[in-house]
Amino acid sequence: MIIYFKKSSTRKERADLAALAAKLLPGASVTRGEAVKIKTPKPEKLADAAPVLENMPGVKRVKLSGRELCPRACAANRKPFSSPLDFTRRPVFIAGPCAVEDEKSYLATAMALKSAGAHALRAALFKPRSSPYAFQGIGWAGLKVISRAKKLTGLPLVTEVTDPRQVERLAAACDVLQVGARNMRNYELLKEAAGSGRAVLLKRGLRATLTEWLLSAEYLLAGGAKKVVLCERGDSLPGRPRLDLMTMAAARKLTGLPVIADPSHAAGDRRVAAALARRALGAGADGLLIEVSSNTRKARVDGRQTLSVDTFRDIAGT
Ligand code: PEP
Ligand code: MN
């Protein structure tokens, strides 16, 4: 942490600041010069101390590095994990319809995806929708459907949690809990998912910065999650499909966590989704979370951006 002073700051203000920093952060080294530099073996204490120090007279700005803000997310030398998703053999493909709708079509899609090269199934029972009148997912009635799909295919299930009260039951049936873009900033949900014992897939929130995204990952890791996957999903600007591949690459470099891309939601159109999928893989994505169905025509949600199994097979084979 570096604390910069105003030009008008007095000697006493600077000395008081250094003394307060030493008191708030026991064990830290405090170096005084033009600015005050603080190094601490407990960087997680800095976020609490920073606003108090910034509020002192004479202080212009307090700056924390990415590693100080997110020490767990930015831990160096992280090894890729191999279960329930195997990131030692990249890329990892998580595929399936936007939502589980009915048993027959879900099981048909699951079987087709298995032979087309999917490593895990999208298995969303709860859908966060912009309209309260739109299809919200089949809910708990779908548990037996996705469990059957897992039994049939042997593929792990990735399911979205939209409410902390769903976590325990979904974690019992599924392998990975997905926290969607709308909920990246739902800190109570992050804490609950973190304690579930399951791997958590965390999407970048709408218009979220890299720092905000990594801070949400930090919630997961600080709360006990052992396996976290980041997922770049773009910003859905109308008429301007875009995945932020620069942010995706920066997240990979800074964190060592697996970082995958969701080309479907930024695209809104299946041809664009296929092109974005290839672009993301070309840019080094560790995998894809992608909407695919064996009956795209019948989808009640996101059908226009849902790929056919053949197109998926083509992408997975490249
Ligand atoms: C989804 O993956 O089905 C989804 C709801 O995506 P997002 O959270 O990115 O909008
Ligand atoms: Mn969708």
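Nothing in this text is a laboratory measurement; each read-out follows from the coordinates by a stated rule. On a predicted model such as this, the values are computed, not experimentally measured, just so you know. In this analysis, Cβ positions are derived from the backbone assuming ideal geometry, glycine residues included, and neighbour counts consider all displayed protein chains.
Filter Lys79/Lys203; Lys226/Lys253; Lys104/Lys203; Lys7/Lys253 down to the pairs with a C-alpha to C-alpha distance above 27 Å, please.
Lys104/Lys203; Lys7/Lys253
So for region 136-180, what are the equivalent ellipsoid semi-axes in whole Å, largest first, each being the square root of 5 times an eigenvalue of the Cα gyration tensor?
Gyration-tensor ellipsoid for region 136-180: 17, 12, 9 Å.
I'd like the distance separating the alpha-carbon centroids of region 106-152 and region 8-43, in whole Å.
Cα centroid of region 106-152 versus Cα centroid of region 8-43: 53 Å apart.
On average over all directions, what projected area in square nanometres does region 159-231 have, based on the convex hull of its Cα atoms?
3.9 nm²
Exactly which trypsin sites (Lys or Arg not before Pro) in region 199-259 are in a DSSP loop and have at most 11 other Cβ atoms within 10 Å?
Answer in residue order: Arg207.
Under 18 Å Cα to Cα from Lys6, which lysines show up? Leave out anything in the same chain fewer than 8 places away.
Lys37, Lys60, Lys63
Using the Karplus curve 6.51 cos²θ - 1.76 cosθ + 1.60 with θ = phi - 60°, work out ³J(HN,Hα) for each residue of region 98-115 in order, rounded to whole Hz, and write x for Gly and Pro.
4, 10, 6, 10, 9, 4, 4, 6, 5, 5, 5, 5, 4, 5, 5, 5, 4, 6
Taking the Kirkwood radius as the inverse of the mean 1/r across Cα pairs, report the Rg/Rh of region 118-239.
0.96
Return the ratio Rg/(2.2 N^0.38 Å) for region 84-182, where Rg is computed over Cα atoms only.
After normalising by residue count via 2.2 N^0.38 Å, the value is 1.04.
Taking the Cα centre of region 1-135 as origin, work out the dipole magnitude from +1 charges on Lys and Arg Cβ and -1 charges on Asp and Glu Cβ, in debye rounded to 20.
Roughly 760 debye, rounded to the nearest 20.
Starting from the Cα gyration tensor of region 74-135, take the square roots of the eigenvalues, sort them a ≥ b ≥ c, and report rounded, prolate or oblate (rounded when a/c is under 1.5, otherwise prolate if a/b is larger than b/c, else oblate).
It is oblate, given that a/c is not under 1.5 and a/b is not larger than b/c.
Can you work out the base-10 log of I(q)/I(0) for region 175-318 at q = 0.16, 0.17, 0.21 1/Å, using the Debye formula on its C-alpha atoms alone?
Normalising to I(0) and taking log10 leaves -0.83, -0.92, -1.25.
Could you tell me the largest-minus-smallest coordinate of the C-alpha atoms of region 268-318 on each of the three principal axes, in descending order and whole angstroms?
Extents along the principal axes: 32, 19, 16 Å.
Could you tally the net charge around Gly234, taking each other residue with its Cβ under 12 Å from the Cβ of Gly234, Lys/Arg +1 and Asp/Glu -1?
My count for the surroundings of Gly234 gives +3.
Run a plain Debye calculation on region 1-123 (Cα atoms as equal point scatterers, no solvent) and give log10 I(q)/I(0) at q = 0.13, 0.16, 0.18 Å⁻¹, rounded to two decimals, same order as the q list.
For region 1-123, the Cα-only Debye profile gives -0.64, -0.77, -0.90.
Nearest 20 debye, what's the magnitude of the dipole of the chain about its Cα centre given +1 on Lys and Arg Cβ and -1 on Asp and Glu Cβ?
In total the dipole reaches around 660 debye.
What percent antiparallel are the DSSP beta bridges of region 78-234, to the nearest 5?
0 percent
With N set to the number of residues, divide the alpha-carbon radius of gyration of region 223-268 by 2.2 N^0.38 Å and report two decimals.
1.29
Relative contact order, percent, of region 140-241 when contacts are C-alpha pairs under 8 Å separated by at least 6 residues?
22 percent.
Could you give the alpha-carbon Rg of the chain over 2.2 N^0.38 Å, rounded to two decimals?
Against the empirical 2.2 N^0.38 Å value, I get 1.13 for the chain.
Which of Cys70, Ser82, Pro41 sits farthest toward the positive end of the charge dipole of region 40-83, with +1 on the Cβ of Lys and Arg and -1 on the Cβ of Asp and Glu?
Ser82
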